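Working notes, structure below.
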Amino acid sequence: MIIRIKNQHGTEPKRILYVENGIGYGGAIICLRHLVRNLDRDRFEPMVVTGRTGPHYEEIADEARWLHIPDRHLDVVGMHQRIDPKTWPDRIPGARFVINQALARADDLANFLPFYRRLLATAREFGADLIHANNEPLCNRAALMVGRKLGIPTVCHVRGDQEGSRAMRWAYGLVDHFIPVSHWVSRNIQEKLGVPPEKITVIYDGLELDKLDIQADGKAFRRQFGIADEDFAVGLVGLLIPWKGQELFLDAAKQLKDRIPNLKMLIVGGTPEDCKDYERKLRQRVQKEGLSDIVVFTGHVSDMPKVYNGLDVVVSASTSPEPLGTVVIETMTMARPLIGPNHGGAAEMVDHEKTGLLFQPKDAKALAEAVLRFQKDETLRRELGRAAREKALSTFAVATHAHKVQEVYDRIFNKGAEHEH
């Protein structure tokens, strides 16, 4: 039995079921937590379902109803990582196709179907009025299919570059309204997947900017990882995922090693279970190429303001266009010198030579030259950082973000009410 409690205005809050199926604890789930904390609870009652768990996910329970529904009982991604590089399937006609189909069906039976069934039961028990998927439609197809099954509207955040495959087009057809996190993402889904503009509302991710302590003790972070006061610390911040650009960062480190005295190149971020092999290869490369004296792996760090203040330069080096990375927003808010690739959300947000420096994507030499430019000019670092903070404070306030998301909900519910009459 679903019990609904009326608010002070005598109406019942609409129940929003948020579903997060990201690869790990990164920017997407952090932004979702900011949204949930800032929802108008008189009007909307949230519940959050995550496919992953861990200490940081468990903190959601202090902010809203939270449930972990495992979305991975069988590691099909790991199987692909082991099988795809092999050459023997290509020597047997049709073998590659059969293997891929077998893994896809195994994924459906072992992972998708159990998640879908539990999510459907959860949505019914919660009495969801709307389902909001926090990641792109294909990996959130279970949430969107639950919405279809229950006859309730669905909203989907879109945070990355999408390919126009047949499966992708099918998944996008399940969504009632899209929230791309940048205009670049909006153009992408219109051009590649034919999403009509009337089903799109661009809303920049919002952060609780007042909780980013601009006076945080960066020296404490440096001491923790053995970074001396005289060292020039450059940090690539983000999950250890291949497209985040750690390989490119190491390429730049090789070029800078003998050009910047006391250089330290920090790789800051945790590693999803799916990418443990990738981290191991990065560490092996550092050893093999003689970079151990300048490259530091910090792992996941919770107190990010100390990280930003402890770095002389912050780098975003995504090799694929990133929608609008949390790192970019936080770095700008903290008034830190930022280097980002000239594509995707970074290019949309960073004004070259005004609020940061942009470099040619995938170009290690261009990245190294940008680092050198900042290293030689402390005044440039300070002035661009200050301008970046001013832009961030006017663009990424979480109150503005929450207000705009709630306006999307209102339009959907009002449209539904009109159809009922």
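What the table shows:
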{"quantity": "Search result, residues across segment 371-389 that are buried (at least 17 other Cβ atoms within 10 Å of the Cβ) and over 13 Å from L338 (Cβ atoms)", "calculated": "Q375"}
{"quantity": "The listed residue being at pLDDT 85 or above and among the basic types (K, R), out of R72, R105, R91", "calculated": "R91"}
{"quantity": "Yes/no for A252 being in contact (Cβ under 8 Å) with a residue 60 or more places away in the chain and either surrounded by fewer than 19 Cβ atoms within 10 Å (Cβ to Cβ) or not in a loop (DSSP other than H, G, I, E, B) (or both)", "calculated": "yes"}
{"quantity": "Lone unmet requirement of (1) surrounded by fewer than 24 Cβ atoms within 10 Å (Cβ to Cβ); (2) among the hydrophobic types (A, V, I, L, M, F, W, C); (3) not in a helix (DSSP H, G or I) for V314", "calculated": "(1)"}
{"quantity": "Sole residue being closer than 27 Å to G270 by Cα, at pLDDT 90 or above, of a type in the set (A, V, I, L, M) and touching a Phe, Trp or Tyr at 6+ places or on another chain (Cβ under 9 Å), chosen from L357, L324", "calculated": "L357"}
{"quantity": "Residue in segment 135-142 that is buried (at least 22 other Cβ atoms within 10 Å of the Cβ), in contact with a Pro (Cβ under 9 Å, 6 or more places away or on another chain) and in the same structural domain as G22 (by TED's automatic domain parsing) present", "calculated": "no"}
{"quantity": "Residue in segment 169-183 that is among the acidic types (D, E), within 23 Å of L17 (Cβ to Cβ) and touching a residue at least 24 places away in the same chain (Cβ under 8 Å) present", "calculated": "yes"}
{"quantity": "Pairs, first over 20 Å from V237 (Cβ atoms) in segment 280-295, second at pLDDT 95 or above, C-beta under 6 Å, six or more apart", "calculated": "S292/V286"}
{"quantity": "Considering residues of segment 322-362 that are acidic (D, E) and touching a residue at least 40 places away in the same chain (Cβ under 8 Å) only, the residue surrounded by the fewest Cβ atoms within 10 Å (Cβ to Cβ)", "calculated": "D351"}
{"quantity": "Test: residue in segment 125-135 that is closer than 30 Å to Y18 by Cα and free of Cβ contacts under 8 Å to residues at least 60 places away in the same chain", "calculated": "no"}
{"quantity": "Scope segment 75-88; condition modelled with pLDDT of 80 or more and of a type outside the set (D, E, K, R); matching residues", "calculated": "M79, I83, P85, T87, W88"}
{"quantity": "F232 being touching a Leu at 6+ places or on another chain (Cβ under 6 Å), in the same structural domain as S302 (by TED's automatic domain parsing) and crowded, with 18+ Cβ neighbours inside 10 Å", "calculated": "yes"}
{"quantity": "Some residue of segment 183-204 being out of contact with any Asp or Glu (no Cβ under 6 Å at 6 or more places or on another chain), among the hydrophobic types (A, V, I, L, M, F, W, C) and closer than 25 Å to F374 by Cβ", "calculated": "no"}
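The values are calculated or read from the model by the stated rules, or taken from the named source; none is laboratory data. It should be emphasised that the depicted structure is a prediction, and the values quoted were computed from it without experimental measurement. Virtual Cβ from ideal backbone geometry, glycine too; neighbours counted across all protein chains shown.
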